[in-house]
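What follows is one structure encoded as structure tokens, with my remarks underneath.
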Amino acid sequence: MLRNVKYAAVQYWLLLLFCGLLLLPIVLQYALELTPLGDFLDHRGFISVAAMLGTFVLLVYPAVRLSVLWREQQSRTDEMKKNVVELIDHAADMILITRPNGQIVNANRRACELLGYSVEELKSMRNIDLDIDCILYRNPRMHQQLFSGQTVTFETLYINRNQDKIPVENHVSIAGWMEGTYYMEITRDITRRRIVEQELHASKEALERVRNRLESRMQERTQKLVEEVQRRELTEQRIFEIRLLLENLVNSMPSVIIALNDKLRVTQWNLEAEKVFQIPETVAVGQSITQLLPRFKSNIYALIQQSDKGRKSIKEFVEVDLGDKPIKFNVVLYPLSQTTDSNLPGVVIRLDDVTEKVQIDEILVQTEKMLSLGGLAAGMAHEINNPLGAILQSTQNITRRLSENFPRNRKVAKQANLDLHALNQYLEKQQIIESLDAIKEAGERAATIVSDMLSFARPSHGESESLNLVEEIKSAIRLAEKDYSQKRKLDFKHIIIQEHYDPALPVIHAQKNKLRQVLLNILINAAQAIADQEHNQTPMITITVKCLQQAIAIDIEDNGPGMDAATRKRVFEPFFTTKPEGKGTGLGLSVSYFIVTEQLHGSLTVDSDLGKGTRFSIMIPRPQQQSEISQRQSNEQQIQLPFDNF
């Protein structure tokens, strides 16, 4: 206010000065005409001077006036910016000033409190570092609305320094008081509102449950009143019991039971039919079977024709796609009753899901093939061992007989008039010695591979033995390299294997083949997961073995694509697989889980998030704990029979 008064006074005195300077030439001319000096002065010069003075005043005054107005405008602008900054800083909601690319330019005090960052830290961050869903920067249409002067409102989740998720409501508009293009994001914490909404939803559900219970009770009371009025309680009760018994018998069957009348309309639809086809009984009864199950239409007509229009029983195998997977059914159709007014009697259709049985049969066939291949591999390995031994022995003999360190070699060379030293130099220059070493190394490696194959193919007799865990893991890695390189999807040798072993690892008691099978299944699973991931430049599997107080922990972690929560919950289920049909049995991890939990008395768990890899953790009890568990289980299995007195 004081500054405005000062500017008004300055303007007033400038106006008086301007008027005085304009009147000064006239006053001076009039004064000169009244005085004797006026005759001696040149009137033309005087007029020129007066004109120059007036022109000067006309030029100076607007400039001074514009300068004063500019300062006033600048002062008002600075005052407004200061007020805006103070208003933003003291706002109850989070306010962020950002560029269109998401770079944070400024933040108020409330934003720093909720997010846990200082203003300087927030200025070095972008909006996408806080917004989990990145709604604004994934929707170009919102930017178009902002540039057209509209305000964009949406709800999202922010993440603070402690990695806590904060539900917020965001109002975004253009910051018009700033030079350049900036967004002002007014963000309100709606955590409490979400909690209230959830409580309200829970209250509605509780009220709905109470209402359903009341309706059920009212129906029961009404039924009882009707039965009392009709005075047929005994008969109706008996009918009800018989009907309930029949329904329970039908609904308790693990097969789909569907009864059809002579018009192919449903008269009976059991619980298994509801589960398989996801159609409730109230909807199915009275409907045409071809309308309810359009995918079975051709099969139903074919079965009716084969059964002489429902007059005789038939059995068929049918495969139908339900949802996203094919289901295999054994179908039995038999007549229900014969009607005189129709050529098509009523029939009963029983469907048994034999998908798992077919899978088990296929797996058994495959298992028999693998057993045959295992025996063949063991025989081949035995046959390969003989030439390998000859190669290694001959290589060793050649190396020994070329050495100058043995007197017999020097004696024979002297008899043959041969310089043994010169011969060795020739062999070294021609890299023959290196070739012999390479032959020996390759032979020893082949012998190791054969030994691993024999160990893995050798049938298990159920005996536990003392095993070196590090050697078993390395052997499993070697087997995985041989198995997976044949798949031609990703060579296991190209995967980086990081191994970390506790130096104080004790020996463990387990069946070698079973333990090796568990390790091999997990390694191959990890390699296949990495192979399914695109653009993984550094495929890696990390194996960590630690010795804990009561157990030995084995962690096998990969940097593959990971798995979602639904897959993680079912990963140990038999026959569950994420691979296409025909490329996986879904038994590898379930068998591994059974071996670890039932035979090794340990635990097998999985930890995985989508896009963050997978870690399988195996906990094997120490030898002392293993013996205690085995003894306890043995005692639990002993049953005392009351036959001591006989």
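The values are calculated or read from the model by the stated rules, or taken from the named source; none is laboratory data. This structure is a prediction, so every number in the text was calculated from the model and none was measured. A quick note on method: Cβ atoms are made from the backbone with ideal geometry, for glycine too, and the neighbour counts reach across all protein chains shown. To get the accessible areas, we keep the full protein, side chains included, count just its heavy atoms, and leave off ligands, DNA and RNA. Shrake-Rupley method; radii C 1.70, N 1.55, O 1.52, S 1.80 Å.
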Within the range 595-624, track down each residue that is in a loop (DSSP other than H, G, I, E, B), open to solvent by less than 40 Å² (accessible area, probe 1.4 Å) and over 15 Å from Val545 (Cβ atoms).
-> His601, Gly613
So which residues in the range 374-400 are at pLDDT 80 or above and charged (D, E, K, R)?
-> Arg400
Inside the range 144-180, can you point out the residues that are at negative phi, modelled with pLDDT under 85 and open to solvent by 40 Å² or more (accessible area, probe 1.4 Å)?
-> Gly176, Trp177, Met178, Glu179
Selected residue (only one of Ile174, Ile95, Ile186, Ile104 is in contact with a His (Cβ under 9 Å, 6 or more places away or on another chain) and under 29 Å from Glu79 (Cβ atoms)) = Ile186
Within the range 556-579, which residues are open to solvent by less than 40 Å² (accessible area, probe 1.4 Å) and either acidic (Asp, Glu) or assigned to a strand (DSSP E or B) (or both)?
-> Ile556, Asp558
Among residues belonging to the range 87-114 that are assigned to a helix (DSSP H, G or I) and of a type outside the set (A, V, I, L, M, F, W, C), point out the one that is surrounded by the most Cβ atoms within 10 Å (Cβ to Cβ).
-> Arg110
Go through (1) within 40 Å of the chain's Cα centre (by Cα); (2) open to solvent by 50 Å² or more (accessible area, probe 1.4 Å); (3) more than 18 Å from Val347 (Cβ to Cβ) and name the single condition Lys297 misses.
-> (3)
Which numbered condition trips up Ile439, out of (1) at pLDDT 80 or above; (2) open to solvent by less than 70 Å² (accessible area, probe 1.4 Å); (3) more than 31 Å from the chain's Cα centre (by Cα)?
-> (2)
Name every residue in the range 394-431 that is within 30 Å of Glu481 (Cα to Cα) and open to solvent by less than 100 Å² (accessible area, probe 1.4 Å), in order of residue number.
-> Ser394, Thr395
Taking the options Asp564, Asp532, Asp609, name whichever one is acidic (Asp, Glu) and within 23 Å of Gln359 (Cβ to Cβ).
-> Asp532
Please go through the range 521-539 and pick out each residue that is open to solvent by 20 Å² or more (accessible area, probe 1.4 Å) and either among the small types (Gly, Ala, Ser) or within 16 Å of Tyr593 (Cβ to Cβ) (or both).
-> Asn521, Ile524, Asn525, Ala529, Ala531
Filtering the range 181-199 down to residues that are part of a helix (DSSP H, G or I) and surrounded by 10 or more Cβ atoms within 10 Å (Cβ to Cβ) yields Thr191, Arg193, Arg194, Ile195, Val196, Glu197, Gln198, Glu199
Residues of the range 501-541 that turn out to be over 24 Å from Gly611 (Cα atoms) and touching a residue at least 12 places away in the same chain (Cβ under 8 Å), as a count = 17
Residue within the range 540-555 that is at pLDDT below 85 and crowded, with 17+ Cβ neighbours inside 10 Å present | no
Filtering the range 192-229 down to residues that are among the β-branched types (Val, Ile, Thr) and under 48 Å from the mean Cα position of the chain (by Cα) yields Ile195, Val196, Val210
Every listed condition ((1) surrounded by fewer than 15 Cβ atoms within 10 Å (Cβ to Cβ); (2) touching a residue at least 40 places away in the same chain (Cβ under 8 Å)) holds for Glu471 save (2)
Within the range 340-362, identify whether any single residue is in contact with an Asp or Glu (Cβ under 8 Å, 6 or more places away or on another chain), at pLDDT 75 or above and not in a helix (DSSP H, G or I), and answer yes or no.
-> yes
Find all pairs meeting these conditions: Cβ atoms under 7 angstrom apart; at least six residues apart or on different chains; first residue within the range 233-262 and at pLDDT below 80; second residue outside any helix (DSSP H, G or I) and among the hydrophobic types (A, V, I, L, M, F, W, C).
-> Val250/Ile257; Asp262/Leu344
Filter result (touching a Ser or Thr at 6+ places or on another chain (Cβ under 8 Å), of a type in the set (S, T, N, Q) and farther than 16 Å from Asn127 by Cβ) within the range 151-180 | Thr151
Within the set of pairs 6 or more residues apart or between chains, which connect a residue that is open to solvent by 20 Å² or more (accessible area, probe 1.4 Å) inside the range 267-289 to a residue that is among the polar types (S, T, N, Q) and in a loop (DSSP other than H, G, I, E, B) with Cβ atoms less than 6 Å apart?
-> Thr267/Asn261
